[in-house]
Each structure stands twice: as C-alpha cells, then as structure tokens.
Amino acid sequence: MGKIFENVKRILSELPEGVELEAAAKTRGADEIKEAIDAGVRIVGENYLQDAEKVFPYIGKIVRWHYIGRLQKRKVKKIVEMFDMIETVDSVEIAEEINKRAKQYGKIMPVLIEVNSGKEPQKSGIMPEECVHFIREIAEYEHIRVMGLMTMGPLVKSPEDIRPYFKLTKEIFDKIKELSIGNVEMKYLSMGMSDSYKIAIQEGANLVRIGTLIFGPRK
Ligand SMILES: *Cc1c(COP(=O)(O)O)cnc(C)c1O
C-alpha cells in the first residue's frame, strides 16, 4: 500500500460521521488521485480547469468533481460541463454565466458561495455582511442551486488563529439556513485544509478540503 492510500485511510477513519473528505488535487497526477480514490475518496477538488482536464479522462465520473479555484468567465462553460459542484461563486456576473451555461446543458448546477471571512480586500469571496443579500439574488437563477458556503480564511501564523473565521462562517451558514430562502438548500459548509480541518470540524464544517496531508508536500 502506498503512502497516499494510507493517508486517506487514516484521515477517513478519524473523520466524524457526517463529515465528507474532499481531496484537493491541484498539481497532482491521475495516478496519485486514483490511489486516493482506491482508499475511499469520493470527492476531488480542482483549482484549475487545465489540471482537471489532464486527469479527468483517466478517472471520469467515479467521483464527484468540485471546482475550488478562481472563476473566470470565459472558463465557466467548461467548468459547468465537467464539474458536479462549484464552491467558489462570489459574483453576480459569474453566477449569471453559470446559470446561462447550465441552462444550455440542461443542468442545475450545485454551487457554494465563497465567503471572504477575513474581510480581506484583495481576496475572493463575498463579504460576511453581504452574504444574505447576495444569496437572495443568486437564488433567482433557475439553473443554479445554492447548497451552502465555503471559506478559506486568512493566512494565519498558527492554525488555532483561524477559528474565529470558521465560527463567523458557521454563523452566516446558520442564519441563511434559518431564513429558508427558496431554491437554497444549506447543506454543505466547506472549510478547513490540512492544517486546520480539525478546527473547522469543531466549528461545524461538514466538507473538508485536504491536499498536503493526503498527497504530501506540493513540488
Ligand atoms: C490547495 C487547497 C486546499 C488544500 O490545501 P492543503 O493545505 O494542501 O491541504 C484546500 N482548498 C483550496 C481552495 C485549495 O486551493
């Protein structure tokens, strides 16, 4: 058994029930991703369309593909075609494009809204205080289904420092859930990476995106 296989088995055995593992696969080859799938990974996250296009032919639809990178309008068409969920929706313009392309494919695209939980001006994501308004707007699109929230959180010195940002995102998640907005199903809260997923789970994440801990350091 390879290292990747062992890593996935260990992480899966430690995850509480109801928390799903997403393998964050940027820069990894098809063989590495396959090993993770053999060990039980059911969701693969990709940041770049080009990366996904390289490995997709070797793996196909045996897993669910999540898009977790920045969205460029001109790439939305292909992303909508290939992926099962887009986790990084953070503008009306992009949402409109997703809706348009999903309609063409006769598909209803599940999406998460990315929250800029650190309120960093240069970072992607919707500002916390604007999430409700944004989701009400997006909910109007018939070929998009809002399924929850995703956040990265700011870069911090020690993993524990990210806790307040996860807490804030969970508060927004609960608030929106309570509003019971039509066409919005608050099911997934995607937070936590290799160094922070345990904290994220404590704060309510049910989807954790793990790269390094599965595949080893990126070259
Ligand atoms: C790379 C990446 C991850 C995983 O990061 P690791 O620290 O390698 O676990 C999670 N989410 C996103 C959006 C990423 O780009």
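All of the numbers you see were taken from the coordinates with simple rules; none came from a lab. This structure is a prediction, so every number in the text was calculated from the model and none was measured. FYI the Cβ positions are ideal-geometry reconstructions off the backbone, even for glycines, and counts take in every protein chain you see.
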Filter the stretch 201-219 down to residues that are buried (at least 17 other Cβ atoms within 10 Å of the Cβ) and not in a strand (DSSP E or B) and give me whichever is nearest to the ligand (Cβ to nearest atom).
GLY211
Please indicate, with yes or no, whether at least one residue in the stretch 142-149 is outside any helix (DSSP H, G or I) and within 16 Å of the ligand (Cβ to nearest atom).
yes
Could you give every pair whose Cβ atoms fall below 8 Å, whose first residue belongs to the stretch 113-127 and is within 13 Å of PHE166 (Cα to Cα), and whose second residue is surrounded by fewer than 19 Cβ atoms within 10 Å (Cβ to Cβ) and polar (S, T, N, Q), counting only separations of at least 6 or pairs across chains?
GLU114/SER124; ASN116/SER124
Find the residue count for the stretch 171-200, including only residues that are away from the ligand (no atom under 14 Å from the Cβ), over 10 Å from GLY148 (Cα atoms) and either under 16 Å from the mean Cα position of the chain (by Cα) or of a type in the set (S, T, N, Q) (or both).
2
Pick from the stretch 176-219, criterion of a type in the set (Gly, Ala, Ser) and out of contact with any helix residue (DSSP H, G or I) (no Cβ under 8 Å at 6 or more places or on another chain), ranking: nearest to HIS143 (Cα to Cα):
GLY182
Qualifying residues in the stretch 150-173 (those that are among the hydrophobic types (A, V, I, L, M, F, W, C) and not in a loop (DSSP other than H, G, I, E, B)) - the one nearest to THR88 (Cα to Cα)
MET150
Exactly one of these conditions fails for ASN99: (1) polar (S, T, N, Q); (2) surrounded by fewer than 18 Cβ atoms within 10 Å (Cβ to Cβ); (3) farther than 30 Å from PRO164 by Cβ. Give me its number.
(2)
Pairs only if they're at least six apart or on different chains, beta carbon under 6 angstrom, first in the stretch 71-98 and touching a residue at least 40 places away in the same chain (Cβ under 8 Å) and farther than 15 Å from PHE56 by Cα, second buried (at least 20 other Cβ atoms within 10 Å of the Cβ) and of a type in the set (S, T, N, Q); list them, first residue then second.
GLU87/SER190
Matching entry among GLY60, GLY40, GLY18 (being in contact with a Lys or Arg (Cβ under 9 Å, 6 or more places away or on another chain) and either touching a residue at least 60 places away in the same chain (Cβ under 8 Å) or not charged (D, E, K, R) (or both)):
GLY40
Could you figure out which of (1) crowded, with 21+ Cβ neighbours inside 10 Å; (2) within 16 Å of the ligand (Cβ to nearest atom); (3) not charged (D, E, K, R) isn't true of ILE138?
(2)
Go through (1) part of a helix (DSSP H, G or I); (2) surrounded by fewer than 18 Cβ atoms within 10 Å (Cβ to Cβ); (3) β-branched (Val, Ile, Thr) and name the single condition ILE176 misses.
(2)
I'd like the residue in the stretch 189-207 that is without any contact (Cβ under 8 Å) to a residue 60 or more places away in the chain and touching a strand residue (DSSP E or B) at 6+ places or on another chain (Cβ under 8 Å) and, out of all such residues, is farthest from THR169 (Cα to Cα).
SER194
Which listed residue is acidic (Asp, Glu) and touching a His at 6+ places or on another chain (Cβ under 9 Å), from GLU53, GLU46, GLU35, GLU20
GLU46
